[in-house]
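Note sheet for the following structure.
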2 protein chains.
Amino acid sequence: MSSIYDRDLEQNQANYQPLTPLTFLERAASVFPDRIAIIYGDVTITYADFYRRCRQLASALAQRGIGRGDTVSVMLANTPAMLEAHYAVPMCGAVLHSMNTRLDAGVIAFQLDHAESKVLITDSGFSTTIEAALELAAVEPLVIDYCDRVSPQSGDRLGTLDYEALVNAGDAEFAWSMPASEWDAISVNYTSGTTGDPKGVVYHHRGACLLAQGNAITASIPKHAVYLWTLPMFHCNGWCFPWTMSAVSGTHICLREVRADAIWAALAEHGVTHLCGAPVVMSAILDAQPEHKRSLDQAVEFFTAAAPPPERVLSDMRAAGFNVTHLYGLTEVYGPAVVNDWNTEWDSLAAEQQAALKARQGVRYHALEELDVLDPETLQPVPRDGETLGEVMFRGNVVMKGYLKNKAATDEAFAGGWFHSGDLGVVYPDGYIQLKDRSKDIIISGGENISSIEIEEVLHKHPHVTAAAVVAMPHAKWGETPCAFVEVVASSNLTGDDLIIWCKQHMASFKVPKQFVFDTIAKTSTGKVQKFLLRQQAARLAAAADSIY
Amino acid sequence: MSSIYDRDLEQNQANYQPLTPLTFLERAASVFPDRIAIIYGDVTITYADFYRRCRQLASALAQRGIGRGDTVSVMLANTPAMLEAHYAVPMCGAVLHSMNTRLDAGVIAFQLDHAESKVLITDSGFSTTIEAALELAAVEPLVIDYCDRVSPQSGDRLGTLDYEALVNAGDAEFAWSMPASEWDAISVNYTSGTTGDPKGVVYHHRGACLLAQGNAITASIPKHAVYLWTLPMFHCNGWCFPWTMSAVSGTHICLREVRADAIWAALAEHGVTHLCGAPVVMSAILDAQPEHKRSLDQAVEFFTAAAPPPERVLSDMRAAGFNVTHLYGLTEVYGPAVVNDWNTEWDSLAAEQQAALKARQGVRYHALEELDVLDPETLQPVPRDGETLGEVMFRGNVVMKGYLKNKAATDEAFAGGWFHSGDLGVVYPDGYIQLKDRSKDIIISGGENISSIEIEEVLHKHPHVTAAAVVAMPHAKWGETPCAFVEVVASSNLTGDDLIIWCKQHMASFKVPKQFVFDTIAKTSTGKVQKFLLRQQAARLAAAADSIY
């Protein structure tokens, strides 16, 4: 029904602009040109230089015909080039495809082909894998070599273009354009998901802008905060922090490798105020050699996800001067879209109770409009009793556009107008959610998603294997590791070591199961593998192994 | 040109929701139900109660047929009811029309008629004016009386419905709905503008959401901040702070009147961290009786607009424990859309230099995409020399939908794809803008916009007056007051006192000129009044008056 407020009050250039995080950098460079945007080893880059370099890279890409909807893939560590790619690529209208640097050549080739990659910016530290991937891939992207000057890598150059030379030759005044629409893609991030082939999760400018701001508001990140890169930027675009930090004109501290000594040095020398990471990063901080630990002048906010922080870690982190906030999300929701928003009333509880409360994944970010645990059949909310299991579902502006070139998976993920996470959880009376079982086919090891189905498919290809099922096994350091249950042909004398060799030939080494069990796999009467029984068995094996050492 | 990122990746309920600030309150009430949302005298309202009361009021309005696109007018002081109106009215799809409580009956009647008001919520403290306005108005809104229990007012009830009774009878579980579109109107705020008839500036949900978040990011407002209401909420919806505070789950401290003793008491007793106001509020704070001043445990952020804070005020405020940030905006840009974003490098400058830098209006909010000073003819940016005058123009998502039922004014304001502020300014080499001349026909007195043309029209109606021109005259307390230059018929012995009486009959008393000059009015050869000469003359008169006292 039309009202007086609908007449002659249309959108125009003056009152409507596409939401995008790109304007954050333009503003930071304009308002605080001399402020340090990036520190990496002995390299410091001001906001004026950061913006200039991004424009130069964008112009260099545009000169080579890269434009709207083209995919620019990057295989980069947490270096300044990775931050620059987060702005320069979308500045020329293209879509950033960051790859997990631990992937094997086969998966990389799949991603390059699937995303129809036009350009590949690759750190020479990953040359061996990338060279193999380029041999396997059908596409022939323009290859740009990034040679890390702070931490020189031994790998070969693979292309004809040098990143630094390309940037320097670019137009510092390049008139980059806003996205044609805020719904335009800004990046694609592949997730192993629950099927063998990775799915390309497409982010749009609107969501990236809103989650980047959402981080600042949710975490009360003030102007000029100092952020340490212990979270890989290839994970969900670093949870959008490459964009958040420009919104607050803060400083990025880049780290190529997550090492305890480097983390402590950065914390102390650069006055780091915020960092993110899986629990393994907290362990690294806490388990550092005494000579590497430093006293800190500032309070440090640590945002963790992938697994609930254990009570011991929380108390140790607090004693070390860190405030830990538990986040939860998935690649499909730009990284963190759920926060264990701490209630100050809980400060007076016993440490054990606090840890129990902090183990809950929590409530929606502001930038997410709805979070709920629903019965996956009826889409009705489960009772808020902390007991009834349902599927965690999301609805809002920080949910992906969908899966690239995969309408079936997109439609399934969005069935009924909710994004179905595949994670099972409960809702407490106070509205906080807690995961009770992971999406059944995903193993999270050291913060990395590993698809059990992908491993099963590799195992199934071995001529002696007749059945295989892979589940998560608890692991003190990595959180979880894959545990494989295998049935073999009667004549076989296959060993675990044989299968490790087999797996290493067919997948990234971090995905290789740490444990093999040769036994009949528990199945239902209809032949469905009873993974929950296997998980129990794996947990017993892990506990037994712990008791030995 | 279509790309792979445009196919099968459409918007749906799961990944696209209208932006609106209404979800902020729902979230705060869900996550922090027991936290205090509002304190007013001895009344405290938790977030659970705040949300419940808003839903009740929304349901009561909906039950009476109020829905999408209907105008709900309010004549309210900075009381909890005013905060509730900011959520409850849009929760039922309606549009909030907050009126300046100092307006006279004629202007109120005009606004009610122009906005086609369906409901009027009115504080009994304003009954006399409202009663007269309702007699003048053609519309017959449903009148709801708000009777302030903390500060009882003597005025009569005008309607048949009592605000508190209405809220209590409402449905606490009312299923309010998101706006049909984020472009839907959320409020209308009338501005005196440069013509006699007020113009209705229409805000949309998208802009309100983005500016509310923009306040938090621009001003680094942390979770659970405590905000004191010294800025009238009828001004640009309180610069969107009624919504900002829910985004950070903060506490509103309501004040009916801006009195020094009440401000100091609130600062000390409630731990206020943030407040806003015109310079007159800073003067009130600084000029408080010694027995009213209190020592504060917390740092306080003060956001000021309407006039540059003088050096003396800045240093006195700093000494009193306040950090002052200078903002600038207009009703058409949701209040503040420009901030004097302070550069820490300037901290070491002399106080005089700091004041000069702080007097500049500054740079765009994150939530505003573009701010510039353009040649109004060519729309080309002026040189960034700090000298060349141009018109300040805005472009972005925190610019109004347009003027209600005024296509001509809307088209003019948005000519060339920029919002034309009417303010004249310069750009410094560092990109900060500074106003050099106000929009020529506006006088800002105590933070209130007064249209000189409106006063001139009243003067012109006096039978003895042949010509009248009104300009701003500097005033120590109010910043500016109107000064009227009048030409009268030869036989007249009209005095200033006569004209004061005349004016008081035809306009709100705060608009009545403080000074009348009976003289020939300086005009150009083409008959155009040379207001800049009159302003100089008024300034001399003000200086002379100062030197007497």
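The listed residues are A:GLU291, A:GLU352, A:GLU301, A:GLU332, and the only one of them that is in a helix (DSSP H, G or I) and within 21 Å of A:GLY214 (Cα to Cα) turns out to be A:GLU332. Taking the listed residues B:ALA81, B:ALA37, B:ALA29, B:ALA14, the one that is outside the structural domain of B:GLU140 (by TED's automatic domain parsing), surrounded by 20 or more Cβ atoms within 10 Å (Cβ to Cβ) and in contact with a helix residue (DSSP H, G or I) (Cβ under 7 Å, 6 or more places away or on another chain) is B:ALA14, with no other qualifying. Looking across segment A:72-98, the residues that are out of contact with any Lys or Arg (no Cβ under 7 Å at 6 or more places or on another chain) and assigned to a loop (DSSP other than H, G, I, E, B) come down to A:LEU76, A:CYS92, A:ALA94.
Look at (1) farther than 29 Å from A:TYR190 by Cα; (2) outside the structural domain of A:ARG102 (by TED's automatic domain parsing) and you find that A:ALA278 fails only one, number (1).
Restricting segment A:306-329 to residues that are among the small types (Gly, Ala, Ser) and part of a helix (DSSP H, G or I) leaves a set whose member that is farthest from A:ARG360 (Cα to Cα) is A:ALA319. Evaluation of B:VAL281 against the conditions (1) within 21 Å of the chain's Cα centre (by Cα); (2) surrounded by fewer than 23 Cβ atoms within 10 Å (Cβ to Cβ); (3) more than 27 Å from B:THR23 (Cβ to Cβ); (4) within 14 Å of another protein chain (Cβ to nearest Cβ) shows that the sole unmet condition is (4).
Here segment B:374-403 is the region considered, the condition is being within 14 Å of chain A (Cβ to nearest Cβ) and among the β-branched types (Val, Ile, Thr), and the residue that is surrounded by the fewest Cβ atoms within 10 Å (Cβ to Cβ) is B:VAL392. Filtering segment A:335-346 down to residues that are more than 11 Å from chain B (Cβ to nearest Cβ) and modelled with pLDDT of 95 or more, which residue is farthest from B:ALA216 (Cα to Cα)? Top of the filtered list is A:TRP346. Within segment B:507-544, being in contact (Cβ under 8 Å) with a residue 60 or more places away in the chain and among the charged types (D, E, K, R) holds for B:LYS511, B:LYS531, B:ARG535.
Is there a residue being closer than 25 Å to A:PRO18 by Cα, polar (S, T, N, Q), surrounded by 24 or more Cβ atoms within 10 Å (Cβ to Cβ) and more than 14 Å from every other protein chain (Cβ to nearest Cβ) anywhere in segment A:200-216? Scanning segment A:200-216, I find no residue that is closer than 25 Å to A:PRO18 by Cα, polar (S, T, N, Q), surrounded by 24 or more Cβ atoms within 10 Å (Cβ to Cβ) and more than 14 Å from every other protein chain (Cβ to nearest Cβ), so the answer is no. Taking the conditions (1) crowded, with 23+ Cβ neighbours inside 10 Å; (2) not in a helix (DSSP H, G or I) in turn, B:ARG68 satisfies each one other than (1). Based on what the data block shows, is A:LEU112 within 14 Å of chain B (Cβ to nearest Cβ) and not in a strand (DSSP E or B)? Yes: the conditions hold for A:LEU112. At least 3 residues being of a type in the set (S, T, N, Q) is the threshold, and among the strands (runs of 3 or more DSSP E) wholly inside segment B:182-261 those reaching it are B:185-191. Can you spot a residue in segment A:153-176 that is over 23 Å from A:PRO80 (Cα atoms) and assigned to a helix (DSSP H, G or I)? No, because not a single residue in segment A:153-176 is over 23 Å from A:PRO80 (Cα atoms) and assigned to a helix (DSSP H, G or I).
The single condition among (1) surrounded by 18 or more Cβ atoms within 10 Å (Cβ to Cβ); (2) within 27 Å of A:GLY386 (Cα to Cα); (3) over 21 Å from the mean Cα position of the chain (by Cα); (4) in contact (Cβ under 8 Å) with a residue 60 or more places away in the chain that A:ALA469 does not meet is (2). If I filter segment B:492-506 for residues that are in contact with a Cys (Cβ under 9 Å, 6 or more places away or on another chain) and in contact (Cβ under 8 Å) with a residue 40 or more places away in the chain, do I get at least one hit? Checked against the condition, which is being in contact with a Cys (Cβ under 9 Å, 6 or more places away or on another chain) and in contact (Cβ under 8 Å) with a residue 40 or more places away in the chain, segment B:492-506 yields no hits at all. Before we move on, is A:ALA62 touching a Gly at 6+ places or on another chain (Cβ under 9 Å), surrounded by fewer than 24 Cβ atoms within 10 Å (Cβ to Cβ) and over 21 Å from A:MET178 (Cβ atoms)? When the stated conditions are applied, A:ALA62 does not pass them.
Looking at segment A:226-241, can you tell me whether even one residue there is among the hydrophobic types (A, V, I, L, M, F, W, C), over 23 Å from A:GLY207 (Cβ atoms), within 14 Å of another protein chain (Cβ to nearest Cβ) and in contact (Cβ under 8 Å) with a residue 24 or more places away in the chain? Within segment A:226-241, one or more residues are among the hydrophobic types (A, V, I, L, M, F, W, C), over 23 Å from A:GLY207 (Cβ atoms), within 14 Å of another protein chain (Cβ to nearest Cβ) and in contact (Cβ under 8 Å) with a residue 24 or more places away in the chain. Taking the criterion of being in a loop (DSSP other than H, G, I, E, B), buried (at least 20 other Cβ atoms within 10 Å of the Cβ) and either at pLDDT 90 or above or among the hydroxyl-bearing types (Ser, Thr, Tyr) (or both), would at least one residue in segment B:510-518 satisfy it? Yes: one or more hits. For segment B:370-381, which residues satisfy the criterion of being touching a Gly at 6+ places or on another chain (Cβ under 7 Å) and farther than 10 Å from B:LEU424 by Cβ? Selection gives B:GLU370, B:LEU374, B:ASP375, B:LEU379. Scanning segment A:1-48 for residues that are outside any loop (DSSP other than H, G, I, E, B), facing chain B (nearest Cβ under 7 Å) and under 30 Å from A:THR230 (Cβ atoms) yields a total of 5.
Of all residues assigned to segment A:262-276, at least one qualifies as being of a type in the set (S, T, N, Q), in a loop (DSSP other than H, G, I, E, B), touching a strand residue (DSSP E or B) at 6+ places or on another chain (Cβ under 6 Å) and surrounded by fewer than 21 Cβ atoms within 10 Å (Cβ to Cβ).
Just one of the listed residues (B:GLU116, B:GLU164) is outside the structural domain of B:LYS407 (by TED's automatic domain parsing) and either within 22 Å of B:TYR51 (Cβ to Cβ) or free of Cβ contacts under 8 Å to residues at least 40 places away in the same chain (or both), namely B:GLU164. Out of the residues in segment A:417-452 meeting the condition of being touching a Ser or Thr at 6+ places or on another chain (Cβ under 6 Å) and more than 30 Å from A:ASP385 (Cβ to Cβ), tell me which one is nearest to the other protein chains (Cβ to nearest Cβ). Restricting to residues being touching a Ser or Thr at 6+ places or on another chain (Cβ under 6 Å) and more than 30 Å from A:ASP385 (Cβ to Cβ), the top hit is A:SER451. Of note, A:LEU368 satisfies the criterion of being crowded, with 18+ Cβ neighbours inside 10 Å and of a type in the set (A, V, I, L, M).
The values are calculated or read from the model by the stated rules, or taken from the named source; none is laboratory data. Just so it is clear, the structure is predicted and the values come from calculations on it, not from any experiment. Reconstructed Cβ throughout: ideal geometry from the backbone, glycine too, with neighbour counts over all protein chains shown.
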